[in-house]
Amino acid sequence: MEETGFENTLERFQVKLKQNPFDRDNYTVTISHLRQLINDVCASTSSSGLSEEDKFLDRYSNRLGSSHENKANSLKESLESVRSSMEMYIELSEGEWLLWIEDQTATSESDMAKESLDELYRRAITHYPISWNIWKKYLDFLYDTRSNDYKSGLEEDDQLFSQSHINEVITKVIRVTDTDPTKGSQLVWEKALSFYFLEQQYLKNDVEKKSNLEMIKKRFYDRLRQPHLQLQATFDEFSHFISTYFNKNYEPELIKANKIKNETLRNFRPREKWEELINTKTTDQSFSDYIDWEKTRPKKQQDKNRISNLYERALMLYHFDDFIWSDYVIFLMDRAFSSDVVQSVLKRATQSCPNSGLLWSQYITLMTKFGTSLEIVESEIIDKTNMNSFFKLTDETAETAFVEWKLIQLSWLKCLPLLEHAQNAENDASSKFMKHVKFCLDQCGNYGYYDTSFELEYFIIESLFYRNQKNYELVKSIWHKMITQHGYSADFWVKWVNWEKQVASKDEELTKVGGRIYKEGSNIFQLALSKHLRKMDNPERLIQEYTQFERGLGTIDSWVDFSVNISKSYKILNKDRMNQWLNQQDSIKMQNSQTGPSTDNSGLMELDRNVQDTVELLTPSNATKTVESILGKRKPDELVSGEDRPASKTAKVNDHSSMTIAPAIRDREHLTVIVSSLPISIKETEITKLFESCGELRKITLNEATHSASVEFGNEEDFKTGLTRDFKTIRGQEVRVSGENSTIWVTNFPKGFHEEQIRTIFNMVGNSTEIDRVENKIISIRFPSLSVNSRRRFCYIQYRNAAYAHEAVSQFNDKCVNDFIPTNKIKEEQSSDKTENYRLVVKISNPDQKKVTPKTGALYEGREIYIYNIDNISIGERELEKVFSKFGDIERMKFPLNKFKHEGNNVIDVKNQNENKEEDDEIREKKREEMVQKENQIKYVHDGYGFISFRTKEQALAAIEEMDLIKLGNKVIRVEIAAVNNIGKHKKVKTQAHNRVNSRAREVSDAQSLSGPNKNTTTLEPKPMKLRMMVPRNVRQRAQPATSTIPNVAGGKTTSTDSLPSTNTGEKKDNNFFRGLFDDK
């Protein structure tokens, strides 16, 4: 420990306090150091038997010429000063208030110290009106003080806290608990009620005792009328109270109380589901839904105090959410709460979220509405925001702070003239309004490009024009100065022209000037096209607006000049975009030369086609549509050149010159940081605010159960910047940021396993195998997409830290699933799958290794053949297995089934196999019996294609060489090596097969209907397919018109093609196009 540690701590605090009094980290770190010093000083009361550190502290205190007690008092005074400064500027958390109370309670022995502690409690409950922890400690403190005074025999006037003070606190706490149904409010209410029983013990007058008992009974009745979760417990306590003090009236009192309780239960039933929701699923959205439900109830059933309590309950968990605070303030104004209540909430809101421009702007507006003086508004709001370094715009903070700063300035400029007018301070030459306008314009001149809507500048223009006797030249100069920041925006130029038209239409002097509106508007459009066209975000829109303007206000002569200007503009646009496309082509070629050509050129071909369409000269009528089709409308930053584009710490939009056709490959393992030690009930927006200045955030995964999250960045530079957020604070709590890879890759688990089973196993890392007693160590579990390959079965598990990941590899790799999950824990759908045969494969996830790992399996090893154009009427899987098994060992056969069945040559549509309703019952019964007898002979029909996997690649090649283009049944089959792209063929072949079978089914159905109800089913001979459709064109061209025979593998005989029935009923054609083709076989 350094001798100057105490002085250095305070010195650093004072320096940072002057720099930014809203820096929460400065307060929390200083308070922590001072409390540690106080504990060290108090612990080292003597040098005997002390550690070396304590002896050094003892010598250090003596060298300063003070005792340990004096040193501790000095430290405590400094600690009190730091906390008071913190209370003045920012909101303390509930835990920080309780810590402050705990420290002060330890030294509150004198009456003055107790009065100071009482004041501290009152300030704490002002900031946290429904903090039951603070309320319970406060009531315990008052109860103990009051009880000790009674035991000491002190009279009422001599006691430290008067009865009126106690009654004031009790009345306030009961009013707060009336609208809160939670268990915490019940405990506090019971503690408040105990004060009456304490008074009952020491009251001497019977009249006062009876009056006190009546007050207790009234409190019970009031509580029974309020919906709360412990309503039955309150009723039981009331029953005990009545039996003790009002036993004679026990029955009528209980009947009355029971009636009140039942009415309260009826009123509370609609709220029970909402209370259960926010208790089981505590999120800001659940509170928001609950509040919206309360607001939409009938007015007679609404209670504004109860809705206010819901906001307070939400803020207990999400105290630093500016959106909840803003919604709360709007609700208070809408329901006509008093100005004191609204101002108190606004002060708490701005202290909780000091960087929220929305809350500060609401504070300014409402303070002005309530008639607050100019000096108070400046001291309470403007001076504080000026001291906040967040609103001191710099190159580092302007990107995130300018929009929030703008909201404050808009409200202040709106309210400042009203405040000046109230104090008769209207003097345009020296008023604060004009000074602040100049300040805002200077800031907009430096950082205005962060506000693409230029809302603040436009408000200033409107205000100055009508405030300064319509000084047109002054306002026009502001428009010209804004070109530097907003010249790239087509909206800016259009808004300028519209403002000129609006002003001219309202001002008689400007309207009298001939053509003034057209002249000014035309000059603005020509200035935009001549000097800012090439860097404009949406030039097409500007040209469209210019065209409409010219048609409405221009003349024949001006239209000629307009057409020339527009033609030149389109030529410039086409040339620039053609050069841009060529540069992109060169960039793609260079990239392909280094990494290999891209397989997906669809985007490049589309871009090429669009550019070719725009080479010719464009006319104003069709140019806009064609130009937009080249690259599409783009955002502002995409078209600003490097010199004109504002410097941004985080590039949000990529330049077209660096675009690539293929999407960037994500590298989660190497670009993700793990954030741990997060506060309870943290929101994703709070994590975003911590890392948004680091760069591109691709994904944030929050796990509230582990109080941790993962943040994925877009590139390595942003990832390294994110690591610098280690030891930063959120809500006054330090968080840890680690960049080590904590993701594992897991495979070879049973097919039916879902996330629940995976989480159950891998949460046991480092623990025993007792499933119900493990803590949650996993942030997220990610399964692969099955759209490409439905047989993939693996997942990625991300732990809270890398140590868990490495321990999981050693603990679970090559272990059986049954070692971790007992059989009785496995679901029924997985019980048939023998889990003892599955040995887990667990590795640290490494994308680089994954890329070079070759895929295995029959499909990727070339051992699987694809067979299609199979006769699915007469050739089944048995026949196919018999034919192809002669080429080698078959490992697997897969032939997708059709919805049709067949019996011999009869095709039956199972889906439409319904009895004719017109037939009598006897005929239908006979048909049913026949169908049952034939059921064993019926089998499903495959779809005419399938896959066979052989043991070796050589066997598969032999099958292809021997069986391709061989007639099997009534068709010539095709056999080839299976590949992933066979999926498209599957769909096509399946559709053809369905069409053919549907056609045959209709023929059979027609034949059955013609034969009559008492005849057997007519058997139709299958018509042969036109084999011409199954032979490639080049094969048909070289076929000789000689007679040939086609081997019939299934029947073992040869069939002449001349004997096949002809399907052509017209002129005779030679269908023997296979003649001479297979003679060598």
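A few remarks follow.
- When restricted to residues that are among the hydroxyl-bearing types (Ser, Thr, Tyr) and under 17 Å from Glu550 (Cα atoms), the stretch 474-500 contains 0.
- Residue within the stretch 415-433 that is within 42 Å of the chain's Cα centre (by Cα), under 25 Å from Ala504 (Cα atoms), modelled with pLDDT of 70 or more and aliphatic (A, V, I, L, M) present: no
- Among the numbered conditions (1) touching a Phe, Trp or Tyr at 6+ places or on another chain (Cβ under 6 Å); (2) more than 25 Å from Arg269 (Cα to Cα); (3) not small (Gly, Ala, Ser), the only one that His165 does not meet is (1).
- Of all residues in the stretch 409-421, those that are farther than 11 Å from Thr365 by Cβ and in contact with a helix residue (DSSP H, G or I) (Cβ under 7 Å, 6 or more places away or on another chain) total 6.
- Hits in the stretch 775-802 - residues which are closer than 23 Å to Ile674 by Cα, outside any strand (DSSP E or B), modelled with pLDDT of 80 or more and in contact with a Ser or Thr (Cβ under 8 Å, 6 or more places away or on another chain): Lys777, Arg800, Asn801, Ala802
- Qualifying residue in the stretch 673-692 (condition: of a type in the set (Val, Ile, Thr) and loosely packed, with under 15 Cβ neighbours inside 10 Å): yes
- Remark: pairs (first residue in the stretch 98-120, under 18 Å from Glu69 (Cβ atoms) and assigned by TED's automatic domain parsing to the domain that holds Ser81; second residue modelled with pLDDT of 90 or more and assigned to a helix (DSSP H, G or I); Cβ separation under 7 Å; 6+ apart in sequence or on different chains) are absent.
- Selection within the stretch 879-899 - modelled with pLDDT under 85 and not in a loop (DSSP other than H, G, I, E, B): Leu897, Asn898, Lys899
- Condition met for Thr385 (surrounded by 19 or more Cβ atoms within 10 Å (Cβ to Cβ), within 19 Å of Gln351 (Cα to Cα) and not assigned by TED's automatic domain parsing to the domain that holds Cys694): yes
The values are calculated or read from the model by the stated rules, or taken from the named source; none is laboratory data. Keep in mind that this is a model prediction, so the values were computed, not measured. With ideal geometry, Cβ positions are generated from the backbone for all residues, glycine too; neighbour counts draw on all protein chains shown.
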